[in-house]
1. Where in segment 116-146 does the label zone of residue 23 land, with the point 7 angstrom along Cα→C-beta and an amide N cut-off under 15 Å?
2. What number, in percent, do you get for the relative contact order of segment 1-71 if the mean sequence gap of Cα pairs under 8 Å and at least 6 apart is divided by its residue count?
3. Regarding segment 16-153, what whole-number volume in Å³ per residue does the convex hull of its Cα atoms give?
4. What's the FRET efficiency of residue 149 with residue 30 using the Cβ-Cβ distance as r and R₀ = 22 Å, to the nearest 0.05?
5. Using Cα centres only, tell me the gap between segment 15-30 and segment 46-120 in whole Å.
6. Quick one: 125, 13, 44, fewest Cβ neighbours within 10 Å first, how do they rank?
7. Could you grab the relative contact order for segment 28-153? Cα pairs under 8 Å, six or more apart, rounded to a whole percent.
8. Evaluated at 20 °C with a viscosity of 1.002 mPa s, what Stokes-Einstein diffusion coefficient in µm²/s does segment 99-150 have when Rh comes from the Kirkwood expression over alpha-carbon pairs?
């Protein structure tokens, strides 16, 4: 199976749209990697996220907002010979996105972010109570660089 580099923005956007979860990599103050899964929203080259107001990830991101976000989908196990372990491989498509986290404080902007996330999963917008908006931490990553790859596709 051959690897294929994906550069077409349309295919990159398609891969991201098919994903249910993304994994966000960051680096803590001790220079140790820290990776977490997230639900997300994606629109026009921007990844939207939400979380609690406090916690380890927020502490890390406020000190170092650089992140790498991984998306992957379309997994298919294949083999050339069922009895030969080395002939097995996994087809997939993936995208890495690099950028910086920007926290969103404005309540109206938070509603927009939350609805981008909800549209990713439900295809529709929702109303939100003011206390819920106040309690949630919304953030975005404007993607500076995409790296796409397909294997066996």
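1. Within reach of a label on residue 23, which here means backbone N under 15 Å from a point 7 Å along Cα→Cβ, segment 116-146 contributes nothing.
2. After rounding, I find 35 percent.
3. Cα convex hull per residue, to the nearest whole number: 135 Å³.
4. So the FRET efficiency works out to roughly 0.15.
5. 3 Å
6. 44, 125, 13
7. 35 percent
8. The estimated diffusion coefficient comes to 172 µm²/s.
Every number here is computed from the coordinates shown, using simple stated rules; none is lab data. Keep in mind it's a predicted model, so treat the numbers as computed, not measured. With ideal geometry, Cβ positions are generated from the backbone for all residues, glycine too; neighbour counts draw on all protein chains shown.
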